[in-house]
Amino acid sequence: MSVLLCACAGTPVTRHAIPPLENQPAYPVERADLLEISPDMSRFVERTLEREDLGGGRAWSLAYATLDPYILEFEYDPQVTLAAADAFEQRTGNCLTFSNLFIAMARSAGMESWYREVEVLPEWSKVNDTMLVSMHVNAVVRDRGREFVVDVSGREREHNERVRRLSDEEAEAQFYGNLGVDALIENDLPRAYAYFALALDVRPGLPYIWSNLGVVFRRNDQTEEAK
(Lines give C-alpha, C1' and ligand atoms only; values in the text may rest on other atoms or scores of the structure.)
Protein backbone atom coordinates (compact mmCIF):
# COMPACT_ATOMS: atom_id res chain seq x y z
CA MET A 1 0.00 0.00 0.00
CA SER A 2 1.47 3.31 -1.06
CA VAL A 3 1.32 6.59 0.80
CA LEU A 4 1.05 9.73 -1.30
CA LEU A 5 1.06 13.38 -0.33
CA CYS A 6 -1.01 15.81 -2.32
CA ALA A 7 -1.88 19.48 -1.97
CA CYS A 8 -5.29 20.85 -1.53
CA ALA A 9 7.02 22.59 2.51
CA GLY A 10 10.96 25.15 3.66
CA THR A 11 13.86 23.23 2.52
CA PRO A 12 17.01 24.33 0.73
CA VAL A 13 16.54 24.39 -3.03
CA THR A 14 18.87 21.68 -4.30
CA ARG A 15 18.71 20.03 -7.71
CA HIS A 16 19.30 16.29 -7.81
CA ALA A 17 19.34 14.13 -10.91
CA ILE A 18 16.14 12.11 -11.27
CA PRO A 19 16.80 8.50 -12.36
CA PRO A 20 15.09 7.43 -15.60
CA LEU A 21 11.94 5.33 -15.50
CA GLU A 22 12.95 2.05 -17.06
CA ASN A 23 11.01 0.10 -19.69
CA GLN A 24 8.25 2.70 -19.89
CA PRO A 25 7.27 5.07 -22.72
CA ALA A 26 7.93 8.78 -22.32
CA TYR A 27 4.92 10.92 -21.44
CA PRO A 28 5.37 14.53 -22.59
CA VAL A 29 3.98 17.22 -20.29
CA GLU A 30 4.21 21.00 -20.51
CA ARG A 31 4.05 23.74 -17.93
CA ALA A 32 0.64 25.30 -17.47
CA ASP A 33 -0.19 28.94 -16.84
CA LEU A 34 -1.96 28.55 -13.52
CA LEU A 35 -2.91 32.22 -13.30
CA GLU A 36 -4.01 32.93 -16.86
CA ILE A 37 -7.02 35.26 -17.03
CA SER A 38 -9.78 34.51 -19.51
CA PRO A 39 -12.07 37.22 -20.92
CA ASP A 40 -14.98 35.84 -18.87
CA MET A 41 -12.90 36.11 -15.71
CA SER A 42 -11.99 39.71 -16.52
CA ARG A 43 -15.66 40.59 -17.01
CA PHE A 44 -16.57 38.91 -13.71
CA VAL A 45 -13.95 40.95 -11.86
CA GLU A 46 -15.07 44.18 -13.53
CA ARG A 47 -18.74 43.57 -12.67
CA THR A 48 -17.87 42.63 -9.11
CA LEU A 49 -15.73 45.68 -8.45
CA GLU A 50 -18.00 48.14 -10.27
CA ARG A 51 -20.40 48.17 -7.34
CA GLU A 52 -19.34 49.08 -3.85
CA ASP A 53 -22.76 48.42 -2.34
CA LEU A 54 -21.44 45.26 -0.69
CA GLY A 55 -19.15 47.38 1.47
CA GLY A 56 -15.74 46.46 2.82
CA GLY A 57 -13.68 47.54 -0.18
CA ARG A 58 -12.45 45.76 -3.29
CA ALA A 59 -10.70 42.83 -1.63
CA TRP A 60 -13.74 42.03 0.49
CA SER A 61 -16.10 42.41 -2.48
CA LEU A 62 -14.09 40.01 -4.65
CA ALA A 63 -13.77 37.48 -1.83
CA TYR A 64 -17.50 37.67 -1.14
CA ALA A 65 -18.41 37.22 -4.82
CA THR A 66 -16.14 34.20 -5.32
CA LEU A 67 -17.32 32.41 -2.18
CA ASP A 68 -21.05 33.14 -2.50
CA PRO A 69 -22.71 30.05 -4.04
CA TYR A 70 -25.32 32.24 -5.74
CA ILE A 71 -22.79 34.48 -7.52
CA LEU A 72 -19.84 32.46 -8.83
CA GLU A 73 -21.48 29.08 -8.10
CA PHE A 74 -18.13 27.40 -7.44
CA GLU A 75 -18.41 23.88 -6.02
CA TYR A 76 -15.61 22.56 -3.82
CA ASP A 77 -14.28 19.16 -4.93
CA PRO A 78 -11.08 17.94 -3.22
CA GLN A 79 -10.30 15.59 -6.13
CA VAL A 80 -10.17 18.17 -8.93
CA THR A 81 -6.99 20.15 -9.70
CA LEU A 82 -7.30 22.87 -12.36
CA ALA A 83 -5.62 26.08 -13.47
CA ALA A 84 -7.49 29.35 -12.95
CA ALA A 85 -9.15 29.70 -16.36
CA ASP A 86 -10.35 26.07 -16.36
CA ALA A 87 -11.60 26.45 -12.79
CA PHE A 88 -13.67 29.49 -13.76
CA GLU A 89 -15.17 27.66 -16.73
CA GLN A 90 -15.94 24.44 -14.85
CA ARG A 91 -16.83 26.09 -11.52
CA THR A 92 -15.32 23.30 -9.46
CA GLY A 93 -12.04 22.23 -7.89
CA ASN A 94 -10.02 21.69 -4.73
CA CYS A 95 -8.40 24.25 -2.44
CA LEU A 96 -5.41 24.75 -4.73
CA THR A 97 -7.68 25.13 -7.75
CA PHE A 98 -9.77 27.78 -6.03
CA SER A 99 -6.64 29.59 -4.86
CA ASN A 100 -5.40 29.68 -8.47
CA LEU A 101 -8.71 31.17 -9.52
CA PHE A 102 -8.95 33.77 -6.78
CA ILE A 103 -5.31 34.90 -6.90
CA ALA A 104 -5.45 35.30 -10.68
CA MET A 105 -8.54 37.51 -10.45
CA ALA A 106 -7.25 39.54 -7.52
CA ARG A 107 -3.94 40.26 -9.22
CA SER A 108 -5.71 41.21 -12.45
CA ALA A 109 -7.50 43.91 -10.43
CA GLY A 110 -4.19 45.25 -9.12
CA MET A 111 -4.41 43.72 -5.65
CA GLU A 112 -1.60 41.89 -3.89
CA SER A 113 -2.52 38.24 -3.44
CA TRP A 114 -0.60 35.06 -2.63
CA TYR A 115 -0.86 31.37 -1.72
CA ARG A 116 -0.78 30.26 1.90
CA GLU A 117 -0.25 26.75 3.19
CA VAL A 118 -2.07 25.76 6.37
CA GLU A 119 -0.66 23.06 8.62
CA VAL A 120 -3.54 20.67 9.31
CA LEU A 121 -3.84 17.38 11.13
CA PRO A 122 -3.39 14.44 8.74
CA GLU A 123 -6.59 13.32 7.05
CA TRP A 124 -6.28 9.96 5.36
CA SER A 125 -8.27 8.51 2.48
CA LYS A 126 -7.89 5.29 0.50
CA VAL A 127 -8.24 5.11 -3.28
CA ASN A 128 -7.33 2.02 -5.31
CA ASP A 129 -4.98 0.50 -2.70
CA THR A 130 -3.30 3.86 -2.22
CA MET A 131 -3.41 5.89 0.97
CA LEU A 132 -3.59 9.67 0.49
CA VAL A 133 -2.84 12.35 3.03
CA SER A 134 -3.84 15.85 1.98
CA MET A 135 -2.26 19.25 2.43
CA HIS A 136 -4.28 22.47 2.57
CA VAL A 137 -3.82 25.74 0.71
CA ASN A 138 -5.84 28.93 0.71
CA ALA A 139 -5.44 32.45 -0.68
CA VAL A 140 -4.68 35.80 0.93
CA VAL A 141 -5.50 39.18 -0.60
CA ARG A 142 -4.39 42.61 0.56
CA ASP A 143 -5.78 45.91 -0.65
CA ARG A 144 -5.66 49.41 0.83
CA GLY A 145 -4.18 48.17 4.09
CA ARG A 146 -6.74 45.42 4.69
CA GLU A 147 -5.98 41.72 4.44
CA PHE A 148 -8.40 38.81 3.93
CA VAL A 149 -7.94 35.04 3.95
CA VAL A 150 -10.10 33.36 1.31
CA ASP A 151 -10.74 29.65 1.88
CA VAL A 152 -13.19 27.63 -0.21
CA SER A 153 -13.13 24.50 1.94
CA GLY A 154 -15.33 25.91 4.71
CA ARG A 155 -12.99 24.61 7.40
CA GLU A 156 -12.95 26.37 10.73
CA ARG A 157 -9.78 28.22 11.61
CA GLU A 158 -7.99 26.47 14.45
CA HIS A 159 -6.50 28.29 17.41
CA ASN A 160 -2.79 29.01 16.90
CA GLU A 161 -2.74 27.19 13.55
CA ARG A 162 0.55 27.40 11.69
CA VAL A 163 0.62 28.92 8.22
CA ARG A 164 3.27 29.59 5.63
CA ARG A 165 3.35 31.80 2.56
CA LEU A 166 3.98 29.84 -0.63
CA SER A 167 5.83 31.14 -3.63
CA ASP A 168 4.13 30.87 -7.01
CA GLU A 169 6.75 28.27 -7.94
CA GLU A 170 5.93 26.01 -5.02
CA ALA A 171 2.20 26.33 -5.67
CA GLU A 172 2.84 25.36 -9.28
CA ALA A 173 4.90 22.37 -8.13
CA GLN A 174 2.02 21.29 -5.89
CA PHE A 175 -0.26 21.56 -8.91
CA TYR A 176 1.86 19.09 -10.91
CA GLY A 177 2.24 16.97 -7.79
CA ASN A 178 -1.53 16.62 -7.59
CA LEU A 179 -1.73 15.62 -11.25
CA GLY A 180 1.00 13.07 -10.63
CA VAL A 181 -0.95 11.62 -7.72
CA ASP A 182 -4.04 11.33 -9.93
CA ALA A 183 -1.98 9.40 -12.48
CA LEU A 184 -0.46 7.15 -9.83
CA ILE A 185 -3.89 6.29 -8.45
CA GLU A 186 -4.71 5.06 -11.96
CA ASN A 187 -1.34 3.22 -12.02
CA ASP A 188 -0.27 5.28 -15.03
CA LEU A 189 3.43 5.29 -14.14
CA PRO A 190 4.79 7.23 -17.15
CA ARG A 191 2.33 10.08 -16.61
CA ALA A 192 2.91 10.14 -12.85
CA TYR A 193 6.69 10.17 -13.37
CA ALA A 194 6.42 13.03 -15.88
CA TYR A 195 4.35 15.24 -13.59
CA PHE A 196 6.51 14.60 -10.51
CA ALA A 197 9.66 15.32 -12.53
CA LEU A 198 8.11 18.55 -13.80
CA ALA A 199 7.18 19.54 -10.25
CA LEU A 200 10.79 19.09 -9.15
CA ASP A 201 12.02 21.04 -12.15
CA VAL A 202 9.79 23.97 -11.18
CA ARG A 203 10.60 23.81 -7.46
CA PRO A 204 13.47 21.45 -6.56
CA GLY A 205 13.87 20.02 -3.09
CA LEU A 206 10.25 19.37 -2.10
CA PRO A 207 10.36 16.25 0.08
CA TYR A 208 6.79 15.10 -0.56
CA ILE A 209 7.31 15.17 -4.33
CA TRP A 210 10.45 13.03 -3.95
CA SER A 211 8.53 10.60 -1.72
CA ASN A 212 5.78 10.24 -4.30
CA LEU A 213 8.37 9.76 -7.04
CA GLY A 214 9.79 6.94 -4.93
CA VAL A 215 6.40 5.22 -5.09
CA VAL A 216 6.55 5.40 -8.88
CA PHE A 217 9.94 3.68 -8.92
CA ARG A 218 8.81 1.05 -6.42
CA ARG A 219 5.77 0.18 -8.51
CA ASN A 220 8.04 -0.04 -11.55
CA ASP A 221 10.23 -2.58 -9.71
CA GLN A 222 13.11 -0.10 -9.45
CA THR A 223 13.73 -0.67 -5.78
CA GLU A 224 17.18 0.91 -5.61
CA GLU A 225 15.95 4.06 -7.34
CA ALA A 226 13.00 4.13 -4.96
CA LYS A 227 15.35 4.06 -2.00
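The values are calculated or read from the model by the stated rules, or taken from the named source; none is laboratory data. Bear in mind the structure is a predicted one, so any value in this text is a computation, not a measurement. Positions of Cβ are generated from backbone atoms using ideal geometry, with glycine treated the same way; all protein chains shown enter the neighbour counts. What goes into the accessible areas is simple: the full protein's heavy atoms, side chains included, and nothing from ligands, DNA or RNA. Shrake-Rupley method; radii C 1.70, N 1.55, O 1.52, S 1.80 Å.
Being over 17 Å from the mean Cα position of the chain (by Cα), open to solvent by 10 Å² or more (accessible area, probe 1.4 Å) and on the phi < 0 side of the Ramachandran plot is the requirement here; does residue 64 meet it?
yes
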Boolean, residue 179 is open to solvent by 20 Å² or more (accessible area, probe 1.4 Å), within 20 Å of residue 83 (Cα to Cα), of a type in the set (A, V, I, L, M) and part of a helix (DSSP H, G or I)
yes
Hey, could you check region 187-227 for residues that are outside any helix (DSSP H, G or I) and modelled with pLDDT under 95 and say which is nearest to residue 130 (Cα to Cα)?
187
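Within region 72-121, restricting attention to residues that are assigned to a loop (DSSP other than H, G, I, E, B) and in contact with a His (Cβ under 9 Å, 6 or more places away or on another chain), which residue is most open to solvent (accessible area, probe 1.4 Å)?
Quick first cut of region 72-121, residues assigned to a loop (DSSP other than H, G, I, E, B) only: 72-74, 77-83, 91, 94, 109-111, 119-121.
So of that shortlist, the ones also in contact with a His (Cβ under 9 Å, 6 or more places away or on another chain) come out as 119-120.
On the way: 119: 104, 120: 43 Å².
Checking each candidate, the answer is 119.
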Condition broken by residue 151, with the remaining ones in (1) modelled with pLDDT of 95 or more; (2) under 15 Å from the mean Cα position of the chain (by Cα); (3) farther than 30 Å from residue 215 by Cα satisfied
(1)
When residues of region 37-61 are limited to those that are open to solvent by less than 50 Å² (accessible area, probe 1.4 Å) and modelled with pLDDT of 95 or more, the one nearest to residue 143 (Cα to Cα):
45
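Output the residues belonging to region 20-60 that are in contact with a helix residue (DSSP H, G or I) (Cβ under 6 Å, 6 or more places away or on another chain) and part of a helix (DSSP H, G or I).
41, 45, 48, 49, 58
So that you can scan it fast, the table gives a plain yes or no per residue for (1) within 20 Å of residue 18 (Cβ to Cβ); (2) among the hydroxyl-bearing types (Ser, Thr, Tyr); (3) in contact with a strand residue (DSSP E or B) (Cβ under 9 Å, 6 or more places away or on another chain):
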site: 117; (1), (2), (3): no, no, yes
site: 120; (1), (2), (3): no, no, yes
site: 125; (1), (2), (3): no, yes, yes
site: 130; (1), (2), (3): no, yes, yes
site: 134; (1), (2), (3): no, yes, yes
site: 138; (1), (2), (3): no, no, yes
site: 146; (1), (2), (3): no, no, no
site: 160; (1), (2), (3): no, no, no
site: 191; (1), (2), (3): yes, no, no
Residues located in region 1-36, provided they are at pLDDT 75 or above and among the aliphatic types (A, V, I, L, M)
17, 18, 21, 26, 29, 32, 34, 35
Scanning region 131-163 for residues that are outside any strand (DSSP E or B) and among the hydrophobic types (A, V, I, L, M, F, W, C), the one farthest from residue 95 (Cα to Cα) turns out to be 135
